Amino acid sequence: MLSLVLTSVGLPLEGVAIIAGIDRVLDMARTGLNVAGDCAVSCLVAKSEKALDEEVFNTPHVMRSTLS
């Protein structure tokens, strides 16, 4: 699809490699931001609904126990 757009605009096909390399990094950044936002909003909603157990949430060893 990208090569079709580039040729219709009159740009060389070599630009696909440059755009694809940059797009990969930007896509990872967009995904990371999306996941962080989803986590933040779910915590805010859970807290507003009184469903967030803050003692479990603030315990520092919870993540270590699931990775071991």
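The values are calculated or read from the model by the stated rules, or taken from the named source; none is laboratory data. Nothing here was measured: the structure is a model prediction, and the numbers come from that model. Neighbour counts are summed over all protein chains in view; Cβ atoms, including those assigned to glycine, are modelled from backbone coordinates with ideal geometry. Just the protein is used for accessible areas: all its heavy atoms, side chains included, with ligands, DNA and RNA removed. Shrake-Rupley method; radii C 1.70, N 1.55, O 1.52, S 1.80 Å.
Within the set of pairs 6+ apart or on separate chains, which have a first residue in segment 29-51 that is touching a residue at least 24 places away in the same chain (Cβ under 8 Å), a second that is open to solvent by 80 Å² or more (accessible area, probe 1.4 Å) and among the small types (Gly, Ala, Ser), and C-beta atoms under 9 Å apart?
If the second residue must be open to solvent by 80 Å² or more (accessible area, probe 1.4 Å) and among the small types (Gly, Ala, Ser), no pairs are left.
Applying the selection to segment 1-26, what residues are part of a helix (DSSP H, G or I), among the acidic types (Asp, Glu) and open to solvent by 90 Å² or more (accessible area, probe 1.4 Å)? Steps first, answer last, please.
First, the residues of segment 1-26 that are part of a helix (DSSP H, G or I): 2-9, 15-26.
Filter once more, so that each one left must be among the acidic types (Asp, Glu): 23.
Answer for segment 1-26, where residues must be part of a helix (DSSP H, G or I), among the acidic types (Asp, Glu) and open to solvent by 90 Å² or more (accessible area, probe 1.4 Å): there is none.
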